[in-house]
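The values are calculated or read from the model by the stated rules, or taken from the named source; none is laboratory data. These figures come from a predicted structure and were not determined experimentally. Cβ placement follows ideal geometry from the backbone for every residue including glycine, while neighbour counts extend to all protein chains displayed.
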Protein chains: 2
Amino acid sequence: MASRNALYAQSGGVTAVINATAAAVIETARAHRDVIGKLYAGRNGILGALREELFDTNKETRTAIAALRHTPGGAFGSCRYKLKGIEESRAQYQRLIEVFRAHDIGYFFYNGGNDSADTALKVSSIGRELGYPLACIGIPKTVDNDLAVTDCSPGFGSVAKYVAVSTREAAMDVVSMAETSTRVFILEVMGRHAGWIAAAAGLAGEGRDEAPHLILFPEKTFDKADFLERVKACVQRNGYCVVVASEGVRDAKGHFLSEGGTRDAFGHAQLGGLAPRLANMVTGKLGYKHHWAVADYLQRSARHLASQTDLEHAGAVGRVAVELAVAGENAVMPVIERLSDRPYRWRVGKAPLSRIANHEKKLPKSFMRSDGYGITAAARRYLLPLVGGEAWPPFQDGLPRYANLKLELAPQKLPPWKNG
Amino acid sequence: MASRNALYAQSGGVTAVINATAAAVIETARAHRDVIGKLYAGRNGILGALREELFDTNKETRTAIAALRHTPGGAFGSCRYKLKGIEESRAQYQRLIEVFRAHDIGYFFYNGGNDSADTALKVSSIGRELGYPLACIGIPKTVDNDLAVTDCSPGFGSVAKYVAVSTREAAMDVVSMAETSTRVFILEVMGRHAGWIAAAAGLAGEGRDEAPHLILFPEKTFDKADFLERVKACVQRNGYCVVVASEGVRDAKGHFLSEGGTRDAFGHAQLGGLAPRLANMVTGKLGYKHHWAVADYLQRSARHLASQTDLEHAGAVGRVAVELAVAGENAVMPVIERLSDRPYRWRVGKAPLSRIANHEKKLPKSFMRSDGYGITAAARRYLLPLVGGEAWPPFQDGLPRYANLKLELAPQKLPPWKNG
């Protein structure tokens with residue numbers, strides 16, 4: 001069998017460890033030169049494929065590729081660009097296949113979340129329809145941990161660790177100042193539809209007197225009066241109250257408390273600003289001095305505090321993705337399978353993309369405390385292994401030294417893409 | 001000479017390394033039992049002294065004290081409580097001396113910023129006036145780096161490192177998403193009156209094309225039109241723009257852009273909310289999608305990312321403070337003296353509290369780029385050594401393990417304090 005080339009593309013919000021997946025894909029492809037010729041990486045994800053802007057990863061040194069393992073962000077660029085249904089966007093799918101054909105790309109690795117699994121599945125089916133032989137492998141990635149089938153999503157463990165550590169540290173600040181200063185501290189974290197990240201903050205403490213005292217999940221309708229009553233009771237009991245709030249918290253009408261009114265390319269509302277809103281409620285109704293923080297991109301780019309377990313997951317799914325392609329698989333995704341909680345043991349399995357595409361894994365009810373403001377022992381058992389281990393990047397002069405790629409584009413062979 | 005007891009108190013906002021100072025004070029006092037009998041720590045700072053709530057540090061194990069070195073927050077509690085002038089607050093100063101007399105406290109170590117240096121100086125003078133022999137030693141601490149005389153303030157180096165690292169990491173996230181998502185990212189950092197912390201973000205990159213592209217200093221009046229023009233030019237040139245804004249940014253009328261209207265115990269305005277305000281300007285006028293983060297307490301409690309240099313400074317000033325007291329000094333503060341930038345060499349000197357009390361060290365003009373939106377090579381030379389070295393705390397199960405003190409109060413000897 002003659003070797004064919006491959007394309008790797010990053011999709012959607014990046015994570016602290018998505019580049020570790022990229023490194024594993026590149027290294028594993030290099031180890032299978034008999035099957036995979038050149039590995040290209042799409043510039044800004046699928047957009048690079050459409051525009052025929054393909055980085056030639058062969059131009060990168062082994063050292064630079066290895067350094068991706070400790071480098072946050074998306075090294076080749078990612079994008080929020082959703083291909084619609086095949087009938088609606090036939091021209092785009094056809095263009096993709098044209099580009100693949102021009103560069104003899106027989107393997108497509110798409111590293112993203114639920115939307116990306118859907119896209120990979122559609123690309124696979126259009127390839128079949130057009131008689132173009134193509135293996136499409138999804139690779140899991142999302143800080144939101146809402147991918148179906150896989151036990152967890154690479155990227156989540158690191159944001160979970162960041163949020164748990166930051167909550168613990170900030171709480172130590174608040175408690176030492178509470179008597180004459182801040183009584184209520186609110187940390188806003190990501191998680192649009194599922195409270196996985198907010199739940200991770202629960203690892204910072206145990207029992208009702210340790211921070212975080214209240215977690216606001218998107219899964220629970222926000223009840224202002226009840227929230228304020230709990231904040232007050234907590235301050236009266238402990239002298240202070242630490243709240244971790246998911247950006248996805250909604251009111252009884254289903255509106256995001258944080259909604260700013262703008263929407264992204266996927267039609268999702270752009271969130272932010274929940275923490276100041278909650279803080280103003282607290283001070284307005286209860287009179288407590290507040291402080292609030294919004295971690296935003298800091299939480300998902302904090303490679304300096306990545307979870308070693310997460311890093312290992314990210315590498316393993318990249319490696320197995322290539323191995324699945326080499327073994328002739330199509331329309332599948334490597335998934336993390338948990339074998340035991342403690343000691344934590346896991347392996348990489350595989351699942352058809354059709355079981356993952358456009359599904360969303362919600363936080364199980366059994367993970368939320370019955371009052372809806374905290375996590376259960378079951379959640380703790382699930383979450384703890386995912387934040388396990390440290391994976392400090394190399395530092396130089398006090399700052400982390402991240403990878404610097406050449407990012408050389410392969411010569412184009414087609415006329416420019418007309419978006420349509 | 002018979003030994004006398006000592007009191008250590010933490011004051012004002014805490015830092016990632018103030019407990020390292022506490023550890024050094026306790027350990028050095030223990031090494032001088034011939035001079036210093038018991039070392040008490042005020043519960044919630046000076047309030048504990050007024051209320052006769054004194055933790056007996058002798059009850060703490062050597063291991064627990066050593067663990068303070070890697071523990072953020074203020075282990076004994078701090079407070080924002082300013083003693084006014086001696087004539088205005090004579091009763092409070094007299095009460096302090098009463099408490100000192102009741103516990104034979106001959107040494108007072110006050111660990112704080114400019115306000116605290118002033119308090120320590122006043123306590124020293126009231127002691128003399130009342131014929132009570134007392135050595136008052138200030139110990140420098142503030143994330144704001146605005147203490148006079150000392151080359152830098154313990155606590156600053158760690159927040160500087162946190163802000164520089166976070167800026168670098170978040171920028172890598174933004175650049176990889178910019179084409180289809182966030183164009184402008186705004187990180188709000190602390191620094192009410194001086195732009196030291198904002199300046200530290202400048203270490204994240206070099207040259208005008210590396211993030212942060214724009215730094216907003218409190219030292220420069222905010223000019224909305226000019227700011228927006230620069231954001232636009234940066235996005236046109238680089239595809240994205242990373243802004244780091246000090247909470248202390250003011251408009252032409254001298255109002256904080258972030259002012260919420262509430263004030264703390266020192267009468268200072270409580271700030272916050274600048275980042276969303278700037279972000280809305282950007283999207284409203286330029287149409288770019290934005291993201292913003294407010295680091296708030298995360299930046300000053302992030303012991304997991306402390307600077308080793310800062311940690312060493314914090315320990316050294318604690319040790320020298322006790323040595324100065326033992327040597328018979330009064331109304332002085334240990335200060336950091338820089339001997340060379342690179343290699344970084346420093347030593348601990350001393351300065352009279354009168355030279356420090358109520359002064360404020362501003363960011364030198366020579367540290368701000370002539371356009372007012374970035375830092376100079378001189379700033380870089382000054383700042384870089386302060387973020388040098390990593391000082392990871394011990395982790396267990398993926399989370400940092402911080403000190404757990406017994407915090408046993410010494411028996412009270414006086415009637416309760418009536419605040420007045």
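When you check B:Leu121 against the structure, is it hydrophobic (A, V, I, L, M, F, W, C) and either without any contact (Cβ under 8 Å) to a residue 24 or more places away in the chain or more than 22 Å from B:Thr150 (Cα to Cα) (or both), yes or no? The answer is no for B:Leu121. Of the residues making up region A:121-142, those that are under 19 Å from A:Thr28 (Cβ atoms) and among the basic types (Lys, Arg) number 1. Scanning region A:282-301 for residues that are buried (at least 22 other Cβ atoms within 10 Å of the Cβ) and among the aromatic types (Phe, Trp, Tyr), we see that the one that is nearest to A:Glu337 (Cα to Cα) is A:Tyr297. For region A:402-413, does any single residue satisfy the condition of being more than 14 Å from chain B (Cβ to nearest Cβ), crowded, with 17+ Cβ neighbours inside 10 Å and at pLDDT below 95? So far as region A:402-413 goes, no, none of its residues is more than 14 Å from chain B (Cβ to nearest Cβ), crowded, with 17+ Cβ neighbours inside 10 Å and at pLDDT below 95.
When the residues of region B:335-363 are filtered to those that are among the polar types (S, T, N, Q) and at pLDDT 95 or above, the one that is nearest to the chain's Cα centre (by Cα) is B:Ser354. Of the candidates A:Ala204, A:Ala211, A:Ala200, the single residue that is within 12 Å of another protein chain (Cβ to nearest Cβ), within 26 Å of A:Leu257 (Cα to Cα) and under 19 Å from the mean Cα position of the chain (by Cα) is A:Ala200.
Going through A:Asn44, A:Asn19, A:Asn58 one at a time, which residue ends up being without any contact (Cβ under 8 Å) to a residue 60 or more places away in the chain and closer than 23 Å to B:Phe185 by Cβ? Exactly one of A:Asn44, A:Asn19, A:Asn58 is without any contact (Cβ under 8 Å) to a residue 60 or more places away in the chain and closer than 23 Å to B:Phe185 by Cβ, namely A:Asn44. Candidates in region B:73-88 are the residues that are more than 23 Å from B:Leu407 (Cα to Cα) and among the aliphatic types (A, V, I, L, M); of these, the one that is nearest to the chain's Cα centre (by Cα) is B:Leu83.
Within region B:302-356, the residues that satisfy the criterion of being within 14 Å of chain A (Cβ to nearest Cβ), of a type outside the set (Ser, Thr, Tyr), crowded, with 24+ Cβ neighbours inside 10 Å and not in a helix (DSSP H, G or I) are B:Ala302, B:Ala306. Residues in region A:392-413 that are hydrophobic (A, V, I, L, M, F, W, C), in contact with a strand residue (DSSP E or B) (Cβ under 6 Å, 6 or more places away or on another chain) and not in a strand (DSSP E or B): A:Leu407, A:Ala410. Consider A:Arg101 carefully, then state whether it is closer than 18 Å to A:Ala325 by Cα, among the charged types (D, E, K, R), assigned to a helix (DSSP H, G or I) and at pLDDT 95 or above. Against the criterion (closer than 18 Å to A:Ala325 by Cα, among the charged types (D, E, K, R), assigned to a helix (DSSP H, G or I) and at pLDDT 95 or above), A:Arg101 qualifies. Residue count for region B:123-160 satisfying the condition of being surrounded by fewer than 22 Cβ atoms within 10 Å (Cβ to Cβ) and in a helix (DSSP H, G or I): 4. Can you report the number of residues in region A:1-22 which are surrounded by fewer than 20 Cβ atoms within 10 Å (Cβ to Cβ) and within 19 Å of A:Gln94 (Cα to Cα)? Of the residues in region A:1-22, 1 are surrounded by fewer than 20 Cβ atoms within 10 Å (Cβ to Cβ) and within 19 Å of A:Gln94 (Cα to Cα). Just to be sure before I move on: is A:Val25 surrounded by 23 or more Cβ atoms within 10 Å (Cβ to Cβ) and part of a loop (DSSP other than H, G, I, E, B) in the structure I sent? In short, no. Give the number of residues within region B:363-406 that are on the phi > 0 side of the Ramachandran plot and either basic (Lys, Arg) or in contact with a Lys or Arg (Cβ under 8 Å, 6 or more places away or on another chain) (or both). Total satisfying the criteria: 2. In this structure, B:Glu179 does not qualify as modelled with pLDDT of 95 or more and within 14 Å of another protein chain (Cβ to nearest Cβ). Restricting attention to region B:357-390 and to residues that are under 30 Å from B:Thr221 (Cβ atoms) and part of a strand (DSSP E or B), the residue that is nearest to the other protein chains (Cβ to nearest Cβ) turns out to be B:Ile375.
Determine, yes or no, whether B:Ala91 is aliphatic (A, V, I, L, M), under 25 Å from the mean Cα position of the chain (by Cα) and away from chain A (no Cβ under 14 Å).
It is false that B:Ala91 is aliphatic (A, V, I, L, M), under 25 Å from the mean Cα position of the chain (by Cα) and away from chain A (no Cβ under 14 Å).
Inspect region B:66-80 for any residue being in a helix (DSSP H, G or I), in contact (Cβ under 8 Å) with a residue 60 or more places away in the chain and closer than 22 Å to B:Leu324 by Cβ and give the result as yes or no. Yes, region B:66-80 contains a residue that is in a helix (DSSP H, G or I), in contact (Cβ under 8 Å) with a residue 60 or more places away in the chain and closer than 22 Å to B:Leu324 by Cβ. Scanning region B:369-390 for residues that are crowded, with 18+ Cβ neighbours inside 10 Å and touching a Ser or Thr at 6+ places or on another chain (Cβ under 7 Å) yields B:Pro385, B:Leu386, B:Val387, B:Gly388, B:Gly389. Being in a helix (DSSP H, G or I) and within 7 Å of chain B (Cβ to nearest Cβ) is the filter here, so list the residues in region A:284-301 that pass it. Once the filter is applied, which keeps residues that are in a helix (DSSP H, G or I) and within 7 Å of chain B (Cβ to nearest Cβ), region A:284-301 yields A:Tyr297, A:Leu298, A:Arg300, A:Ser301.
For region A:44-87, a residue qualifies if it is more than 9 Å from chain B (Cβ to nearest Cβ) and under 15 Å from A:Asn419 (Cβ atoms), and the qualifying residues are A:Ile46, A:Gly48, A:Ala49, A:Leu50, A:Arg51, A:Glu52, A:Glu53, A:Lys82, A:Leu83, A:Lys84. If the condition is being surrounded by fewer than 24 Cβ atoms within 10 Å (Cβ to Cβ) and small (Gly, Ala, Ser), then region A:68-109 contributes A:Gly85, A:Ser89, A:Ala91, A:Ala102, A:Gly106.
Among residues of region B:87-113 that are farther than 15 Å from B:Leu54 by Cα and among the polar types (S, T, N, Q), those with a beta-carbon under 6 Å from a residue that is part of a loop (DSSP other than H, G, I, E, B) and at pLDDT 95 or above at least six positions away or on a different chain give the pairs B:Asn111/B:Lys141.
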